[in-house]
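In what follows, a single structure is set out as structure tokens and then discussed.
The values are calculated or read from the model by the stated rules, or taken from the named source; none is laboratory data. Worth saying up front: this structure is predicted, and the values here are computed from it rather than measured. As a convention, Cβ positions derive from the backbone with ideal geometry for all residues, glycine included, and neighbour counts pool all protein chains shown.
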Amino acid sequence: MDQRLADLLKLLDLERIEDNLFRGQSRDVGAPQVFGGQVLGQALVAASRTVDGRGVHSLHAYFLRRGDLNAPIIFEVDRSRDGGSFTSRRVVAIQHGQQILTMSASFQTAESGLDHQSTMPQTPAPETLRDLGEINAELVGKVPEKVQCFFRQQRPFEFRAVNPPDFLNPVKRLAEKRVWFRVMGPLPDDQALHRCLLTYVSDYHLLDTATLPHGVSFLELQMASIDHAIWFHRDLRVDDWLLYVTESPSASGARGFARGAIYSRDGVLVASVAQEGLIRQHSRWTSPAGQQK
């Protein structure tokens, strides 16, 4: 198994402290704080380990504080309800005695019903596109030293974008992106694991969609996730190519909103995602009146 994938699976394999208490560690992804997708994925793992025979169909989370990379994270699960068909769980992630994330998740017994979906847009195949890891590696010597670790980072997922951003010379463009992704190696047929991994990776390539109409790079902004929601529509595999189609209908009040649809390679809509996040301009930027701040 690829070592990056092995490390990620180990990261998601939480230590059980008590029936409803779990402990997890963190992995540096080149940012000064814990990656939001990591805490999301671990919180879903914690919730899933208190549920039998039902799969997660939705989750809603708020990021409350920056996570400390050097401290363990405690996940406390509240068994809110076990109904006839649905199970509800609430998870609180804690560091240094303070909440850093709260998440509610709902699980459902498998059943049939009405079935329709949106159509996946026509998109070039992933084999025809460059790996974003290779593109980022070429930029290491051209970006500020404080962010070079982000571009050097070897990730457990492979990403291939239809129209990769130019971080050094950003231009204004439509607030939409298409990125293929898959985990770096085969996985067992464990739907709970695949959904936890999708939760982890869904925090990539989403919020920055809101910056595209403004011709700016994340290198010039302070950005942080505020909340995150996922709806799982159908079974999925993250070890096969999935297409992340994102758009941002609004940005205002130093916040950007983005939503995404995730399709399997054969066009099946497997999940929908929505997120709002902080997007704050650095003090050296000009004000709306054109005056230097």
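Okay, here's what the table says:
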{"item": "Residue in the range 218-237 that is nearest to LEU168 (Cα to Cα), counting only those that are among the charged types (D, E, K, R) and outside any helix (DSSP H, G or I)", "result": "ASP227"}
{"item": "Residue count, the range 196-237 (criterion: of a type in the set (Lys, Arg) and surrounded by fewer than 18 Cβ atoms within 10 Å (Cβ to Cβ))", "result": "1"}
{"item": "Selection from the range 238-256 of residues that are of a type in the set (S, T, N, Q) and either crowded, with 22+ Cβ neighbours inside 10 Å or over 30 Å from HIS116 (Cα atoms) (or both)", "result": "THR246, SER248, SER252"}
{"item": "Subset of the range 164-195 [surrounded by 11 or more Cβ atoms within 10 Å (Cβ to Cβ), over 14 Å from VAL238 (Cβ atoms) and among the hydrophobic types (A, V, I, L, M, F, W, C)]", "result": "PHE167, LEU174, ALA175"}
{"item": "Meets criteria (part of a strand (DSSP E or B), of a type in the set (Gly, Ala, Ser) and either buried (at least 16 other Cβ atoms within 10 Å of the Cβ) or touching a helix residue (DSSP H, G or I) at 6+ places or on another chain (Cβ under 8 Å) (or both)) for SER58", "result": "yes"}
{"item": "Boolean, ARG280 is at pLDDT below 95, surrounded by fewer than 22 Cβ atoms within 10 Å (Cβ to Cβ), of a type outside the set (A, V, I, L, M) and closer than 30 Å to ILE100 by Cα", "result": "yes"}
{"item": "Filter result (under 30 Å from GLN222 (Cα atoms) and either touching a helix residue (DSSP H, G or I) at 6+ places or on another chain (Cβ under 6 Å) or in a strand (DSSP E or B) (or both)) within the range 68-97", "result": "ILE73, ILE74, PHE75, GLU76, ARG90, VAL91, VAL92, ALA93, ILE94, GLN95"}
{"item": "Residue check for GLN99: without any contact (Cβ under 8 Å) to a residue 40 or more places away in the chain and more than 16 Å from the chain's Cα centre (by Cα)", "result": "yes"}
{"item": "Scan of the range 257-275 for residues that are surrounded by 15 or more Cβ atoms within 10 Å (Cβ to Cβ) and not in a strand (DSSP E or B), ordered by number", "result": "ARG265, VAL268"}
{"item": "Enumeration of residues in the range 98-122 that are buried (at least 17 other Cβ atoms within 10 Å of the Cβ), more than 17 Å from THR50 (Cα to Cα) and out of contact with any helix residue (DSSP H, G or I) (no Cβ under 9 Å at 6 or more places or on another chain)", "result": "MET120"}
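Conditions tested, residue by residue: (1) in a strand (DSSP E or B); (2) at pLDDT 95 or above; (3) charged (D, E, K, R).
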site: LEU168; (1), (2), (3): no, no, no
site: VAL179; (1), (2), (3): yes, yes, no
site: HIS194; (1), (2), (3): no, yes, no
site: HIS205; (1), (2), (3): no, no, no
site: ASP239; (1), (2), (3): no, yes, yes
site: THR246; (1), (2), (3): yes, yes, no
